[in-house]
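Since the structure comes first, as structure tokens, the remarks are kept for the end.
The values are calculated or read from the model by the stated rules, or taken from the named source; none is laboratory data. Owing to the predicted nature of the structure, the values given are computational and were not obtained by experimental measurement. With ideal geometry, Cβ positions are generated from the backbone for all residues, glycine too; neighbour counts draw on all protein chains shown. All accessible areas refer to the heavy atoms of the entire protein, side chains included, with ligands and DNA or RNA removed. Shrake-Rupley method; radii C 1.70, N 1.55, O 1.52, S 1.80 Å.
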Amino acid sequence: MVVVPGGGRAANRVRELSQAGVISSDVAHELALDAMRQNGRYIFASLSAPVKLLSLDEMRRRNVDLGLWVPTSREFNQSGMPRDWTVTSDSIALWLAHQLSATHLYLLKSAKPRSNDALNWSNQGYVDTYFAELLAHTDCPVSAVFEPLAR
């Protein structure tokens, strides 16, 4: 199992700064990836699970029991995905699932989707706008698992 974490509140703040023109889109992209890495480390620490930050090459070479993946800049650039806010961790996870020929992708979300049709999730604002384009080119099944956020 490979965990692709979202960037959480830190990534949301980066998005706000980017949209306000305070930081460039390139800087925002790198900061959002950093937020994903930090959030992933926090998730593993809160589970008292040892975290192994994986590279794409490592995952392709061997089986992984449990690991954390956030693309490096090089890996992201090789993916061909846009370096903008049309792509979030949802699309990044789907791209990875396709690359690894995963049997299933589970998206852990804080809300339930309005429909079970993942192709419509982008239109509903449930996932990023690039997700539907990627999903149309993969046969990896996708499910949403939702856990309401504690307030």
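So how many residues does region 18-33 have that are outside any loop (DSSP other than H, G, I, E, B) and exposed (fewer than 15 other Cβ atoms within 10 Å of the Cβ)? Give the steps one after another, and end with the answer.
Of region 18-33, the ones outside any loop (DSSP other than H, G, I, E, B) are 18-19, 25-33.
Remaining after also requiring exposed (fewer than 15 other Cβ atoms within 10 Å of the Cβ): 19, 25-27.
Residues in region 18-33 being outside any loop (DSSP other than H, G, I, E, B) and exposed (fewer than 15 other Cβ atoms within 10 Å of the Cβ): 4 in total.
Taking the stated definitions as given, is Arg61 of a type in the set (Lys, Arg), modelled with pLDDT under 90 and more than 13 Å from Met1 (Cβ to Cβ)? Show your work before the answer.
Details: of a type in the set (Lys, Arg): yes; modelled with pLDDT under 90: yes; more than 13 Å from Met1 (Cβ to Cβ): yes.
It is true that Arg61 is of a type in the set (Lys, Arg), modelled with pLDDT under 90 and more than 13 Å from Met1 (Cβ to Cβ).
Among the numbered criteria (1) open to solvent by less than 20 Å² (accessible area, probe 1.4 Å); (2) more than 15 Å from the chain's Cα centre (by Cα); (3) at pLDDT 90 or above, which single criterion is violated by Thr103?
(1)
Just the residues that are farther than 18 Å from Leu53 by Cα and among the β-branched types (Val, Ile, Thr), please, taken from region 72-110.
Thr86, Val87, Thr88, Thr103
For residues that are at pLDDT 90 or above and open to solvent by 70 Å² or more (accessible area, probe 1.4 Å), tally how many sit in region 35-57.
So the count comes out to 1.
Here is a list of conditions, (1) closer than 23 Å to Gln99 by Cα; (2) over 16 Å from the mean Cα position of the chain (by Cα), and Glu16 meets all of them except one; can you say which number that is?
(1)
Each row is one residue, and each column tells you yes or no for (1) touching a residue at least 12 places away in the same chain (Cβ under 8 Å); (2) exposed (fewer than 14 other Cβ atoms within 10 Å of the Cβ); (3) more than 29 Å from Leu17 (Cβ to Cβ).
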site	(1), (2), (3)
Met59	yes, no, yes
Arg62	no, yes, yes
Asp90	yes, no, no
Leu96	yes, no, no
Gln124	no, yes, no
Cys140	yes, no, yes
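I need the full set of residues from region 73-84 which are surrounded by 11 or more Cβ atoms within 10 Å (Cβ to Cβ) and without any contact (Cβ under 8 Å) to a residue 24 or more places away in the chain, in order please. Lay out the reasoning, then the answer.
Start the filter on region 73-84 by keeping residues that are surrounded by 11 or more Cβ atoms within 10 Å (Cβ to Cβ), which leaves 73, 75-79, 81-84.
The answer is Glu75, Asn77, Gln78, Ser79.
Give region 98-147 a look and list any residue that's polar (S, T, N, Q), in a helix (DSSP H, G or I) and closer than 22 Å to Val2 by Cβ, or say none. Break it down into steps so the answer makes sense when it comes.
Kept after step one, since they are polar (S, T, N, Q), are these residues of region 98-147: 99, 101, 103, 110, 115-116, 120, 122-124, 129, 138, 143.
In the following step, the residues that additionally are in a helix (DSSP H, G or I) were identified as 99, 120.
Matches in region 98-147: Gln99 only.
Are any residues in region 70-89 outside any helix (DSSP H, G or I) and touching a Ser or Thr at 6+ places or on another chain (Cβ under 8 Å), and if so, which ones? Spell out how you get there, then give the answer.
Residues of region 70-89 that are outside any helix (DSSP H, G or I), as a first pass: 70-72, 80-88.
Once the filter is applied, which keeps residues that are outside any helix (DSSP H, G or I) and touching a Ser or Thr at 6+ places or on another chain (Cβ under 8 Å), region 70-89 yields Pro71, Thr72, Met81, Arg83, Asp84, Trp85, Thr86.
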